[in-house]
1. Just need the relative contact order of the chain here, percent rounded to a whole number, with Cα pairs under 8 Å and 6+ apart.
2. Hey, rough spin-label estimate for Arg125 and Ala9, points 7 angstrom out along Cα→Cβ, what's it come to in nanometres?
3. Give the carbon-plus-sulfur fraction of the accessible surface of the chain in %, rounded to a whole number; probe 1.4 Å, heavy atoms of protein chains only.
4. State the extension gain, in nm to one decimal, for the chain segment bounded by Arg113 and Ser83, taking 0.36 nm per residue of separation less the distance between their alpha-carbons.
5. Considering the alpha-carbon set of region 1-142 alone, what are its Rg and its Dmax in angstrom?
6. Measuring with a 1.4 Å probe in the full set of protein chains, what accessible area per residue, in whole Å², belongs to the chain?
7. Using only the alpha-carbon atoms, how far is helix 48-60 inclined from the longest principal axis of the chain? Give it as 0 to 90 degrees, nearest 10.
8. Running Debye on region 83-124 with equal point scatterers at the Cα sites and no solvent, what base-10 log of I(q)/I(0) appears at q = 0.33 Å⁻¹?
Amino acid sequence: MTLAGRIAAILGADAVSTDPADCALATADIFPAAGTPPAAFVLRPATTDQTAAALRLLAEHGQPAIPRGAGLSYTGGVVPRRSAAVLDTSRLDSISVDAPNLTAVIGAGASWRSVADALAPHGLRSAQPAPISGAVTTVGGTAAQHLP
């Protein structure tokens with residue numbers, strides 16, 4: 001069984017893609033970069049446990065992995081130098097708000113709009129401003145860009 005197949009056994013067949021168009025898109029920034037290798041495959045875990053299991057398998061096989069948020073960066077952060085598995089964080093979008101303690105646990109794939117929408121009923125807003133690239137960018141993408 002291929003590595004992608006082994007990961008699909010963990011995540012589900014619909015959560016791993018080897019489609020050439022999907023693999024090419026997964027390593028593209030908002031601006032295309034000439035000569036960028038496509039992803040070896042794209043994985044879309046839905047939980048932190050699935051993410052950990054998939055990353056463990058990738059590490060055991062020496063397969064590099066690159067996390068990907070909404071794909072709206074223009075800095076080349078997801079553009080690999082060699083073929084890598086791309087970890088699409090879009091399904092990691094849970095938000096749990098603990099309003100009395102002024103905290104929230106937010107998945108890497110959650111958009112800044114969804115964070116604002118989850119906090120608003122509690123009269124709260126994020127201490128971290130959303131990046132200038134828009135409300136559909138993700139929390140994980142902001143962290144990956146090392147934004148303040």
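1. Values: 259 pairs, mean separation 30.5, N = 148.
Reported relative contact order: 21 percent.
2. Simple spin-label model gives 5.0 nm for this pair.
3. Details: 4930 of 8350 Å².
Here carbon and sulfur together make up 59 percent of the probe-accessible area.
4. On the way: separation 30, 0.36 × 30 = 10.80 nm, distance 3.20 nm.
Contour length minus Cα-Cα distance gives 7.6 nm.
5. Spelled out, the Cα radius of gyration and Dmax of region 1-142 are 16.2, 51 Å.
6. On the way: 8350 Å² over 148 residues.
I get 56 Å² per residue for the chain.
7. 30
8. So the normalised log intensities are -1.14.
The values are calculated or read from the model by the stated rules, or taken from the named source; none is laboratory data. This structure is a prediction, so every number in the text was calculated from the model and none was measured. Please note: Cβ atoms are built from the backbone with ideal geometry, for glycine as well, and neighbour counts cover all protein chains shown. Keep in mind that these areas ignore ligands, DNA and RNA; they rest on the heavy atoms of the full protein, side chains included. Shrake-Rupley method; radii C 1.70, N 1.55, O 1.52, S 1.80 Å.
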